[in-house]
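Okay, structure first, notes after.
The values are calculated or read from the model by the stated rules, or taken from the named source; none is laboratory data. Here the structure is a predicted model, which means the values were calculated and not measured. Cβ coordinates were reconstructed from backbone atoms using ideal geometry, including for glycine residues, and neighbour counts include every protein chain displayed. Note: accessible area is taken over every heavy atom of the protein model, side chains too, but ligands, DNA and RNA are not part of it. Shrake-Rupley method; radii C 1.70, N 1.55, O 1.52, S 1.80 Å.
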Amino acid sequence: GMLYDTATKKGMKRQVASALILQGRGYVGRSELPKAVECFRSAFEMYDSIGDRKGASIALNNLALTESDLGDAPRAIEHMTRSLGLSEEINDSSMMARTLGNIGVIYAGQQDTANAMDYYQRRLIIAKALGQKDILAEVLMNMAIIQSEGKRYEGALALYERSIAVSREIAYPRNEVLCLFGLSYLRFHQGDLPGALAHDLDALELAQKIG
């Protein structure tokens, strides 16, 4: 009787919520962002009402990314932070990691370097713990870009070199190409044109190899 009904209602709500997320992603793909926001918000409320913290954290993540695209960084950060809290409650490391990275990206877009670096650093710790070397390489590169844009070239250089070392270790040439272009930008802004050109040529050569 009652228990079965509750389980069925929960199951149905979960299916509807998951359909809303897919619908929201469809709207994002068609650049209908306000409609996507409605879908993700409804999905969150539905997951929240049945106590599904994993679903709720995914819905909030999608909601926040869309709000960020709409230029509402404060609300995006608020929803990302709430998503992070839910992932921490259920010990979902991979979702925590993804959310930390997303918060870093939003802060970076706001030119808030200190917060961006802080969240990337936390993302790095989880990536290391989980042995996700591809993520490690990407986050190091993101941190290098932030340092480079802030004209902290020495710090950027060290981060690019660490990212390249990890990329080579796991044969991740796509990330290495991006790092080489980043190093070229760095050398150019330091007034080292031959150095910039050398990195560009290395990047192009490697890019041709991977097709």
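Scanning the range 70-110 for residues that are within 23 Å of Glu32 (Cβ to Cβ), without any contact (Cβ under 8 Å) to a residue 24 or more places away in the chain and not small (Gly, Ala, Ser) turns up Asp72, Pro74, Arg75, Glu78, His79.
Residues that are aliphatic (A, V, I, L, M) and in contact (Cβ under 8 Å) with a residue 12 or more places away in the chain within the range 159-197 comprise Leu159, Ile164, Val166, Ile170, Val177, Leu178, Leu180, Leu183, Leu186, Ala196, Leu197, listed in sequence order.
Being open to solvent by less than 80 Å² (accessible area, probe 1.4 Å) and closer than 26 Å to Gln110 by Cα is true for just one of Leu157, Leu178, Leu206. Which residue is that?
Working: Leu178 fails: open to solvent by less than 80 Å² (accessible area, probe 1.4 Å); Leu206 fails: closer than 26 Å to Gln110 by Cα.
After ruling out the rest, the residue left standing is Leu157.
Just checking, how many residues over the range 38-69 are open to solvent by less than 60 Å² (accessible area, probe 1.4 Å), assigned to a helix (DSSP H, G or I) and touching a residue at least 40 places away in the same chain (Cβ under 8 Å)?
Summing the residues that are open to solvent by less than 60 Å² (accessible area, probe 1.4 Å), assigned to a helix (DSSP H, G or I) and touching a residue at least 40 places away in the same chain (Cβ under 8 Å) in the range 38-69 gives 8.
Checking each residue in the range 4-32 for being more than 21 Å from Arg53 (Cα to Cα), assigned to a helix (DSSP H, G or I) and among the small types (Gly, Ala, Ser) picks out Gly26, Gly29. Exactly one residue out of Pro194, Pro173 is open to solvent by 90 Å² or more (accessible area, probe 1.4 Å) and more than 15 Å from Ala156 (Cα to Cα): that is Pro194.
If you scan the range 159-197, which residues turn out to be among the charged types (D, E, K, R) and in a helix (DSSP H, G or I)? Step through it out loud before you land on a result.
Keep residues of the range 159-197 that are among the charged types (D, E, K, R), which gives 161-162, 168-169, 174, 176, 187, 192.
Result: Glu161, Arg162, Arg168, Glu169, Arg174, Glu176, Arg187.
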